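Data block below; observations after.
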Amino acid sequence: MKLTIGLKLKPGREQREQVDALRATLEFANAAANAASQCAWEAQVFGQFNLHKLVYYFLRAEFQLSARLAVRVIAKVAHAYQLDTKRQRIFYKHGSIPFDDRLLRYGDDYVSIRTIKGRAKIPFVCGPREGQLLAHRQGESDLVYHQGATSTVQTRTNSKYRVGTASRAL
């Protein structure tokens, strides 16, 4: 069973640079994804391994992305071309970006996230149920820009976790 946990990042007022760093990370990563998509389209190379060989060093140099973020951007582009290769893929400026455990780590009430301006430690809020689910999370997280606020959405898979039972039906 796959469950999705929504967390809202709450940087303090004095940490305005954290908000700017998160937004800039989304913008740089999506610009890099568009550049990688353009290269993939021109070379007609759509598999992740071959695309990696084609654009990795270019993305690192041109967009100043960390090694892991460059790999995640390449995976995003390759995944977008899995549906079909009949048209070039274009990514939104504030589209979501996948983060793995090396780029984003969870504490009890904060996330430590790698941005283009360095690592930032940002508090988050979630409900009690989401907090319980977060303790058993697996997989990657997506950094999402939603209605002017940056938040993460954590997806995990664990078929042994019991969701709950209904005591009576309507």
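A compact table of results
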item: Residue within the stretch 87-96 that is crowded, with 16+ Cβ neighbours inside 10 Å, closer than 12 Å to Leu143 by Cβ and of a type in the set (D, E, K, R) present; result: no
item: Unique residue being among the charged types (D, E, K, R), at pLDDT below 95, touching a Pro at 6+ places or on another chain (Cβ under 7 Å) and surrounded by fewer than 19 Cβ atoms within 10 Å (Cβ to Cβ) when the list is Lys10, Lys117; result: Lys10
item: Selection within the stretch 32-71 - of a type in the set (A, V, I, L, M), part of a helix (DSSP H, G or I) and surrounded by 16 or more Cβ atoms within 10 Å (Cβ to Cβ); result: Ala32, Ala33, Ala35, Ala36, Ala40, Leu51, Leu54, Val55, Leu59, Leu69, Ala70, Val71
item: Tabulated pairs, the stretch 105-125, first part of a strand (DSSP E or B), second acidic (Asp, Glu), C-beta under 9 angstrom, 6+ apart or interchain; result: Ala120/Glu17; Pro123/Asp109; Phe124/Asp109; Val125/Asp109
item: Scan of the stretch 118-145 for residues that are closer than 28 Å to Ala40 by Cβ and out of contact with any strand residue (DSSP E or B) (no Cβ under 7 Å at 6 or more places or on another chain), ordered by number; result: Tyr145
item: Answer from Val45, Val55, Val73 - the residue that is touching a Cys at 6+ places or on another chain (Cβ under 6 Å) and outside the structural domain of Gly139 (by TED's automatic domain parsing); result: Val55
item: Residue match in the stretch 145-165 (condition: among the β-branched types (Val, Ile, Thr), within 16 Å of Leu26 (Cα to Cα) and at pLDDT 80 or above); result: no
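The rows are residues; the columns are (1) touching a residue at least 60 places away in the same chain (Cβ under 8 Å); (2) among the hydroxyl-bearing types (Ser, Thr, Tyr).
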{"residue": "Leu22", "(1), (2)": "yes, no"}
{"residue": "Asn30", "(1), (2)": "yes, no"}
{"residue": "Tyr56", "(1), (2)": "no, yes"}
{"residue": "Gln64", "(1), (2)": "no, no"}
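The values are calculated or read from the model by the stated rules, or taken from the named source; none is laboratory data. Bear in mind the structure is a predicted one, so any value in this text is a computation, not a measurement. Glycine also receives a Cβ, built like all others from the backbone with ideal geometry; neighbour counts cover every protein chain displayed.
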